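The values are calculated or read from the model by the stated rules, or taken from the named source; none is laboratory data. Because the structure is a prediction, the values reported are computed rather than measured. Glycine gets a Cβ as well: all are built from the backbone with ideal geometry, and neighbour counts include every protein chain shown. All accessible areas refer to the heavy atoms of the entire protein, side chains included, with ligands and DNA or RNA removed. Shrake-Rupley method; radii C 1.70, N 1.55, O 1.52, S 1.80 Å.
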Amino acid sequence: EDFGALAFQLLKLTRLEDASPWKLWWSTGVKAPETHPLKLVLSDTGLAQLLWGSTTCGGRMSASALKLRDDVDLLGDGATLEEWAEFMALVMSRSIVSDENGTPLLVLGLDLLQDGEDANVKAQVIYEGGGKDGPFVFRFGGGDGTKKKKVVGVELVTTRYIAAGDELTCNYFDQPHAGKYLERYGFVPNRLRGPLAPGCIDLAFAPTDEEEDYQYYTKEQALEDLGLTTDPMIFTYSSDDTFGPPDSNQGDYDKKTTLDKMTHILRMRLIDGADAFLLDSVYIEQLWTNCCYRISKDNELGVCKAVMSECDQFLERFKSAAEDEEELSTEHVDIVSRCADTRRVESEIIMRIRDVFAQELRDTIVDDKRPYWVDRALIELFPARKYVQNP
């Protein structure tokens, strides 16, 4: 939605008769890369589908492509499908910095900064309390309306020594996420290629599902009380991460590992059946804290199966993409090769995560002495259960 707002504002400015920095910028003939996924949807459908099937970011790519036609319908005669796809791809591929709320900024001149192998600068957003946005910065959506500080510009901060004549370069993303580069910019940097290249994946899970979860509204209210929503949460894993078994100890959610955060959300999502008493008024205030623990055997088995199923779906998608690649005829040979590299690295990370939860599944099945939160809670309510379980 943020990129759509940027694209719409740029579209309006290019249609005005009055001159503006952005109209002049547009008149120079700036274009998004031909391999940007939103442009490929119209020019090379087969290659676009290959991009979608080569990364865990593919779902977002396809969703953005499907939304193009809906946007054009809302614009009426304001733009053709091809024009709107170009505007969307352009603002995505030229926005290389975001504010503290994750809202993308399109900054005149900063779009010339290249992503480099050995970056020497970093873009840093400048704020000023109560000030107005600078004339060469676009910023839309997101943020806390009660905050006074405003974006007034972006500065480049050096990250190492720069000799006279050196080109200024940065990393568009903090993490080595080839899929995000494909999604946002339509290319993969050379440093993220080859057998030893690092990589990342995104796994997304929602804490509840309106269509499938009978307890959806109860969980929704509990999440709102915590300032959270029912929207899917994205969990990003790097090839440099170390994966251990899911934690079962109380702790600050924000300080947990990515894997433990994902497990926490899935435990909440899968509370149902015999565990549904956790959603009663007696326990609802402690629901978020209780998800730190292994809630019940059925719940933990469900968590493991949910993660493994998601991993299997991506692995199958990557396999299908590799098969389709052999029959693909396209002029963009280089991006096809980069898709193959991306699939390989992401597959390795996915397999590592799958192995963790496959082992957790086996341990959960065979370990009859493992303590679960539900068992401890029922013993507190009905002390006699302790002697039934341990005669």
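What single numbered condition from (1) open to solvent by less than 30 Å² (accessible area, probe 1.4 Å); (2) part of a loop (DSSP other than H, G, I, E, B) fails to hold for C339?
(2)
Here is a list: D144, D174. Which entry is modelled with pLDDT of 85 or more and either hydrophobic (A, V, I, L, M, F, W, C) or open to solvent by 30 Å² or more (accessible area, probe 1.4 Å) (or both)?
Only one candidate passes the filter, namely D174.
If you take the residues in the stretch 158-171 that are of a type in the set (S, T, Y) and part of a loop (DSSP other than H, G, I, E, B), which one is surrounded by the most Cβ atoms within 10 Å (Cβ to Cβ)?
My answer is T159.
Within the stretch 101-132, count every residue that is under 22 Å from the mean Cα position of the chain (by Cα) and without any contact (Cβ under 8 Å) to a residue 40 or more places away in the chain.
Of the residues in the stretch 101-132, 2 are under 22 Å from the mean Cα position of the chain (by Cα) and without any contact (Cβ under 8 Å) to a residue 40 or more places away in the chain.
Could you list all residues from the stretch 244-285 that are under 17 Å from L228 (Cα atoms) and surrounded by fewer than 13 Cβ atoms within 10 Å (Cβ to Cβ)?
Across the stretch 244-285, the qualifying residues are D252, D254, K255, E285.
Which ones in the stretch 285-301 are over 23 Å from the mean Cα position of the chain (by Cα) and assigned to a helix (DSSP H, G or I)?
Listed by number, the residues that qualify are E285, Q286, L287, T289, N290, K297, D298, N299, E300, L301.
Considering each residue of the stretch 315-350, count those that are modelled with pLDDT of 95 or more, of a type in the set (S, T, N, Q) and touching a helix residue (DSSP H, G or I) at 6+ places or on another chain (Cβ under 6 Å), and give that number.
2
Go through the residues of the stretch 289-305 one by one and say whether even a single one is closer than 25 Å to R267 by Cα, touching a Cys at 6+ places or on another chain (Cβ under 8 Å), surrounded by 12 or more Cβ atoms within 10 Å (Cβ to Cβ) and at pLDDT 90 or above.
No; the residues of the stretch 289-305 include none that is closer than 25 Å to R267 by Cα, touching a Cys at 6+ places or on another chain (Cβ under 8 Å), surrounded by 12 or more Cβ atoms within 10 Å (Cβ to Cβ) and at pLDDT 90 or above.
Any chance you could count how many residues in the stretch 1-14 are open to solvent by 70 Å² or more (accessible area, probe 1.4 Å), among the charged types (D, E, K, R) and part of a helix (DSSP H, G or I)?
Residues that pass the stated criteria total 1.
When the stretch 151-203 is examined, which residues are found to be aliphatic (A, V, I, L, M) and under 18 Å from E346 (Cβ atoms)?
Those that are aliphatic (A, V, I, L, M) and under 18 Å from E346 (Cβ atoms): A178, L182, V188, L192, L196, A197, I201, L203.
For G165, only one of the following conditions fails: (1) at pLDDT 95 or above; (2) small (G, A, S); (3) at positive phi. What is its number?
In the conditions (1) at pLDDT 95 or above; (2) small (G, A, S); (3) at positive phi, G165 misses (1) alone.
Under the condition of being open to solvent by less than 20 Å² (accessible area, probe 1.4 Å) and polar (S, T, N, Q), which residue from the stretch 190-243 is farthest from the chain's Cα centre (by Cα)?
T208
May I ask you to list pairs of residues, at least six apart or on different chains, whose Cβ atoms are under 6 Å apart, with the first in the stretch 356-367 being closer than 14 Å to M308 by Cα and assigned to a helix (DSSP H, G or I) and the second being at pLDDT below 95 and open to solvent by 60 Å² or more (accessible area, probe 1.4 Å)?
Pairs found: E360/P245.
Could you please let me know if R317 is touching an Asp or Glu at 6+ places or on another chain (Cβ under 9 Å), open to solvent by 40 Å² or more (accessible area, probe 1.4 Å), touching a residue at least 40 places away in the same chain (Cβ under 8 Å) and of a type in the set (D, E, K, R)?
Taking the combined requirement at face value, the residue does not satisfy it.
Checking E323 against (1) surrounded by fewer than 13 Cβ atoms within 10 Å (Cβ to Cβ); (2) touching a Gly at 6+ places or on another chain (Cβ under 7 Å), only one condition comes out false. Which one?
It fails just one condition, (2).
Quick check on the stretch 308-331. Is at least one of its residues of a type in the set (A, V, I, L, M), under 18 Å from I271 (Cα atoms) and either in contact with a strand residue (DSSP E or B) (Cβ under 9 Å, 6 or more places away or on another chain) or not in a helix (DSSP H, G or I) (or both)?
Looking for residues that are of a type in the set (A, V, I, L, M), under 18 Å from I271 (Cα atoms) and either in contact with a strand residue (DSSP E or B) (Cβ under 9 Å, 6 or more places away or on another chain) or not in a helix (DSSP H, G or I) (or both), one finds none in the stretch 308-331, hence no.
With touching a Lys or Arg at 6+ places or on another chain (Cβ under 8 Å) and not basic (K, R) as the only criterion, which of D368, D334, D312, D355 stands out?
Answer to the selection: D312.
Could you tell me whether W52 is within 30 Å of E310 (Cα to Cα) and among the aromatic types (F, W, Y)?
Judged against the criteria, W52 is a match.
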